[in-house]
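Novice: Take this structure, written in structure tokens, and hold onto it; I'll ask about it next.
The values are calculated or read from the model by the stated rules, or taken from the named source; none is laboratory data. Every value quoted in this text rests on a predicted model; they were computed, and no experiment measured them. As a convention, Cβ positions derive from the backbone with ideal geometry for all residues, glycine included, and neighbour counts pool all protein chains shown.
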Amino acid sequence: MRILGIDVSRRKFDAALLSEDGKMKHKVFANTKTGFSKVLEWLDRQKANRVHACLESTGVYGEKLAYALADAGHKVSVVNPARIKGFGQSELSRTKTDKADASLIARFCLALNPEEWTPSPPHVRRLRERARRLEALGDMLQQERNRLESAGDKEVRRSIQGVIAWIEQEMGTIRSAIRGEIDRHPDLRGKRDLLESIPGIGEATIVTILAEFGSVEKFDSARQMAAFAGLVPRLYLSGSSVRGKTRLSKTGSSRIRKALYMPALVAKKHNPILADFCERLQRAGKSPMAIIGAAMRKLIHIIYGVLKSGKPFDPDYHRTGKIQFAG
């Protein structure tokens, strides 16, 4: 299988195809549907019937390209940029251009053979796009409300109030579309019903979990799921004298961490497992932020257990002292 390294930016992407003799063939394409078709045609002309394509997980810029390559039958890996950066440092790489980055990604793919990325089904893609649009509208709404607080001119206030009304209407329309998408698909509807059984988890958080995590089957453990969200602790130890503060890795989905922050605060009071857990951490002298981070990670473990087992959460766990699931 030939190797294809791809460096993606907003308007274009640089492709580096590693040939059998070890040489790189480079080409630049527009980051559009037309560009996706052209790169597939280019691969056909190079007699690269099936390649292992590798690109960084740079959010929306590379997502559609990854789907286009996967839908065409190519193997695709979407890799955390930190791994590519570390590989480049190990090579003592000094050149920083889009062309050089595409070659670096190709060499990384050849050397480390990263795991294959599994594309989400179309209805999950639609849900994710709508959820992210709702999040963007929410950010816009907060900005306009902040402007309204400081606005003194009558016409400016009228303008801001009109924009706020429009955003709120759009958010209502998107929320209805999200609910309809979930109701139409049994897998999403079933997961939503399971997640609703967890104290502290509300509608907005459920939508983010369904949209961003996708299928729980791609995770072998709750720790893997927590790592995907950047909620595993990162130790800082060196020798016998250097002992830094343990922090969250934050190498993962910031959207999931943002969505779980408020539910963790609520669950500290209303979810019996988290309430006891957080009290133990407080008695152990942990800081408030460390306790919230641990509560978010604990919520991920509960979410994983509920979705993996297919059974609702049972809050009456005191009989055994362990997390229980109804049924």
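Novice: Looking at region 196-223, I want the residues that are under 12 Å from Pro263 (Cβ atoms) and have a partner that is crowded, with 20+ Cβ neighbours inside 10 Å and modelled with pLDDT under 85 with Cβ atoms under 7 Å, at least 6 apart or on another chain. Which pairs are those?
Specialist: Within 7 Å, the pairs are Pro199/Ala267; Pro199/Asn271; Gly200/Ala267; Gly200/Asn271.
Novice: Next up: Does Ala72 satisfy the condition of being touching a strand residue (DSSP E or B) at 6+ places or on another chain (Cβ under 6 Å) and not polar (S, T, N, Q)?
Specialist: no
Novice: Just the residues that are under 30 Å from Leu65 (Cβ atoms) and in contact with a Lys or Arg (Cβ under 8 Å, 6 or more places away or on another chain), please, taken from region 125-183.
Specialist: Listed by number, the residues that qualify are Arg132, Leu134, Glu135, Ile174, Ala177, Ile178, Glu181, Ile182.
Novice: Do you know which of the residues in region 7-54 that are within 23 Å of Glu116 (Cβ to Cβ) and assigned to a loop (DSSP other than H, G, I, E, B) is modelled with the lowest pLDDT?
Specialist: Glu20
Novice: Can you confirm whether Leu4 is farther than 28 Å from Glu129 by Cα, in contact with a strand residue (DSSP E or B) (Cβ under 7 Å, 6 or more places away or on another chain) and either in the same structural domain as Arg126 (by TED's automatic domain parsing) or at pLDDT 90 or above (or both)?
Specialist: Answer is no for this residue.
Conditions (1) of a type in the set (S, T, N, Q); (2) farther than 15 Å from Ile303 by Cβ; (3) in contact with a Phe, Trp or Tyr (Cβ under 8 Å, 6 or more places away or on another chain); (4) assigned by TED's automatic domain parsing to the domain that holds Lys308, marked per residue:
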site: Val163; (1), (2), (3), (4): no, yes, no, no
site: Trp166; (1), (2), (3), (4): no, yes, no, no
site: Thr173; (1), (2), (3), (4): yes, yes, no, no
site: Ala177; (1), (2), (3), (4): no, yes, no, no
site: Arg189; (1), (2), (3), (4): no, yes, no, no
site: Asp193; (1), (2), (3), (4): no, no, no, no
site: Val207; (1), (2), (3), (4): no, no, no, yes
site: Ala227; (1), (2), (3), (4): no, no, no, yes
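Novice: Being under 19 Å from Gly214 (Cβ atoms) and either modelled with pLDDT of 90 or more or of a type in the set (Ser, Thr, Tyr) (or both): is that true of Ser57 here?
Specialist: Considered against the rule, which asks whether it is under 19 Å from Gly214 (Cβ atoms) and either modelled with pLDDT of 90 or more or of a type in the set (Ser, Thr, Tyr) (or both), Ser57 comes out as yes.
Novice: Go through region 119-172 and report how many residues are more than 18 Å from Leu188 (Cα to Cα), among the small types (Gly, Ala, Ser) and in a helix (DSSP H, G or I).
Specialist: Matching residues across region 119-172 total 7.
Novice: Among the residues of region 110-139 satisfying the criterion of being surrounded by 16 or more Cβ atoms within 10 Å (Cβ to Cβ) and hydrophobic (A, V, I, L, M, F, W, C), which is nearest to Leu4 (Cα to Cα)?
Specialist: Looking only at region 110-139, we keep the residues that are surrounded by 16 or more Cβ atoms within 10 Å (Cβ to Cβ), and these are 114, 117, 119-120, 124-128, 130-132, 134-135, 137.
With hydrophobic (A, V, I, L, M, F, W, C) added as a condition, the list becomes 117, 124, 127, 131, 134, 137.
Values: Trp117: 14, Val124: 27, Leu127: 29, Ala131: 31, Leu134: 34, Leu137: 36 Å.
Among those that are surrounded by 16 or more Cβ atoms within 10 Å (Cβ to Cβ) and hydrophobic (A, V, I, L, M, F, W, C), it is Trp117.
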